[in-house]
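The values are calculated or read from the model by the stated rules, or taken from the named source; none is laboratory data. Keep in mind that what you see is a predicted model, and the values were worked out from it rather than measured. Positions of Cβ are generated from backbone atoms using ideal geometry, with glycine treated the same way; all protein chains shown enter the neighbour counts. Heads up: the accessible areas ignore ligands, DNA and RNA and are worked out on the full protein's heavy atoms, side chains in. Shrake-Rupley method; radii C 1.70, N 1.55, O 1.52, S 1.80 Å.
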Amino acid sequence: MTVIITNNQSMKRLQKKKRNLTMKYGQEQRNIVKRRLRLEHWVDAELNKLYGITDPNDTHPCDPDLDEIIKLDTEEEKRKMIMEMIISCKEADEVMQVFVNELLERMKAL
């Protein structure tokens, strides 16, 4: 028995196969990007709180590079780098430590 597949049928199968392969890879990548964006939005919102910024048009003077922090080997190096970035913050040390601890915990999930 010979099965004849028209050009249209083979194209549909090929498109479906490509879509499935792309979706598997794409979903994982999307999840990674979503986690990263959530962390960056959280950092921005927390820094606005630390610096007492309420106007959405204003920005805080701190722009932490999460990639640089992640690359550091030890948690102490990461902690030191974050503290140096937020040194101009006028909040109490305890409040800044809470922020640093929470950021380090959230970064572990990346």
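Do we have any residue at all in segment 61-70 that's in contact with a Ser or Thr (Cβ under 8 Å, 6 or more places away or on another chain) and part of a loop (DSSP other than H, G, I, E, B)? Can you show your working first?
Step one: list which residues in segment 61-70 are in contact with a Ser or Thr (Cβ under 8 Å, 6 or more places away or on another chain), which gives 61-62.
Next cut, part of a loop (DSSP other than H, G, I, E, B) only: 61-62.
The answer is yes; a qualifying residue exists.
Say whether the condition of being assigned to a loop (DSSP other than H, G, I, E, B) and touching a residue at least 24 places away in the same chain (Cβ under 8 Å) is met by at least one residue in segment 43-58.
Of the residues in segment 43-58, the ones assigned to a loop (DSSP other than H, G, I, E, B) are 51-58.
Keeping just the survivors that are touching a residue at least 24 places away in the same chain (Cβ under 8 Å) gives 51-52.
Yes - at least one qualifying residue is present in segment 43-58.
Criterion first (open to solvent by 100 Å² or more (accessible area, probe 1.4 Å) and at pLDDT 80 or above) does Lys17 satisfy it? Step through it out loud before you land on a result.
Numbers: open to solvent by 100 Å² or more (accessible area, probe 1.4 Å): yes; at pLDDT 80 or above: no.
Judged against the criteria, Lys17 is not a match.
Does segment 38-51 contain any residue that is open to solvent by 100 Å² or more (accessible area, probe 1.4 Å) and over 22 Å from Val98 (Cβ atoms)? So that I can check it myself, show each step before the final result.
Looking only at segment 38-51, we keep the residues that are open to solvent by 100 Å² or more (accessible area, probe 1.4 Å), and these are 38, 41, 49.
With over 22 Å from Val98 (Cβ atoms) added as a condition, the list becomes none.
Taking every residue of segment 38-51 in turn, none turns out to be open to solvent by 100 Å² or more (accessible area, probe 1.4 Å) and over 22 Å from Val98 (Cβ atoms).
Report whether or not Arg35 is on the phi < 0 side of the Ramachandran plot, surrounded by 14 or more Cβ atoms within 10 Å (Cβ to Cβ), in contact (Cβ under 8 Å) with a residue 24 or more places away in the chain and basic (Lys, Arg).
Working: on the phi < 0 side of the Ramachandran plot: yes; surrounded by 14 or more Cβ atoms within 10 Å (Cβ to Cβ): no; in contact (Cβ under 8 Å) with a residue 24 or more places away in the chain: yes; basic (Lys, Arg): yes.
Considered against the rule, which asks whether it is on the phi < 0 side of the Ramachandran plot, surrounded by 14 or more Cβ atoms within 10 Å (Cβ to Cβ), in contact (Cβ under 8 Å) with a residue 24 or more places away in the chain and basic (Lys, Arg), Arg35 comes out as no.
Considering each residue of segment 72-85, count those that are in contact with a helix residue (DSSP H, G or I) (Cβ under 6 Å, 6 or more places away or on another chain) and either under 14 Å from Cys62 (Cα atoms) or hydrophobic (A, V, I, L, M, F, W, C) (or both), and give that number.
3
The rows are residues; the columns are (1) more than 17 Å from the chain's Cα centre (by Cα); (2) open to solvent by 40 Å² or more (accessible area, probe 1.4 Å).
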| residue | (1), (2) |
| --- | --- |
| Pro64 | no, no |
| Lys80 | yes, yes |
| Glu84 | yes, yes |
| Asp93 | yes, yes |
| Gln97 | yes, yes |
| Arg106 | no, yes |
| Ala109 | no, yes |
